[in-house]
Amino acid sequence: MRVYVPLTLPALAEAHRTGELGAGPFVAYAVTPALREWYVSDDIEELEYAALNRAGLASVRLLAADPDAPRRRVVVAVDVPDRAAAADPDRGLDPAALGEVRVAGPVPLAKAAAVHVDGADAEQDVTAAAEALPAADAGDDDAQFVVDGAEDHDLLWYATQEIPNLVDHP
């Protein structure tokens, strides 16, 4: 199963240093039955893109909690055995948990298929999204619009061999 692990650049640097993505269990995003039902598509590429975007939003949440991290979303795509990732059946249709899975972990960074990171042009919108999250979570439609604005920037694709450059030159 392909899962999308939300991170920050400092967390990616730590994963690169230790060779592991999280000690486990940790939250990731995947094409779950609830995500399929919500997205209403059978196209696996579209569904995986939706899971990637859900992880991107989770990365914004991590950035909101870490004011010192560079304001770029980071998502690592990694393949894990199906039994290593599970959706919480009690949260399956909770809109905040769509696509969310718990990965038993730890997962070797060497299992990563790719890394997705915002370009420098997204920093202003990602910063604004991180700052607007509390108000958006409280139901402020204007703040939600600002949070959604981060998704206007596609996460760029990087090969895993490029991780050293990403963490040394954010």
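Here are the numbers for this structure:
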read-out: Condition met for Ala130 (part of a helix (DSSP H, G or I), at pLDDT 95 or above and aliphatic (A, V, I, L, M)); value: yes
read-out: Test for Asp154: is it within 30 Å of Arg17 (Cα to Cα) and at pLDDT below 95; value: yes
read-out: Residue within the range 12-33 that is surrounded by fewer than 15 Cβ atoms within 10 Å (Cβ to Cβ), under 21 Å from Pro89 (Cα atoms) and among the β-branched types (Val, Ile, Thr) present; value: no
read-out: Enumeration of residues in the range 69-86 that are in contact (Cβ under 8 Å) with a residue 24 or more places away in the chain and assigned to a helix (DSSP H, G or I); value: Asp82, Ala84
read-out: Answer residue from the range 72-110, given it is surrounded by 15 or more Cβ atoms within 10 Å (Cβ to Cβ) and of a type in the set (D, E, K, R) and is nearest to the chain's Cα centre (by Cα) among those; value: Arg73
read-out: Search result, residues across the range 87-118 that are within 26 Å of His153 (Cβ to Cβ), at pLDDT 80 or above and outside any strand (DSSP E or B); value: Ala97, Leu98, Gly99, Leu109, Asp118
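The values are calculated or read from the model by the stated rules, or taken from the named source; none is laboratory data. If you're wondering where the values come from, they're calculated on a predicted model, not measured in any experiment. Because the Cβ atoms are built from the backbone with ideal geometry, glycine has one as well, and the counts that use them run over all protein chains shown.
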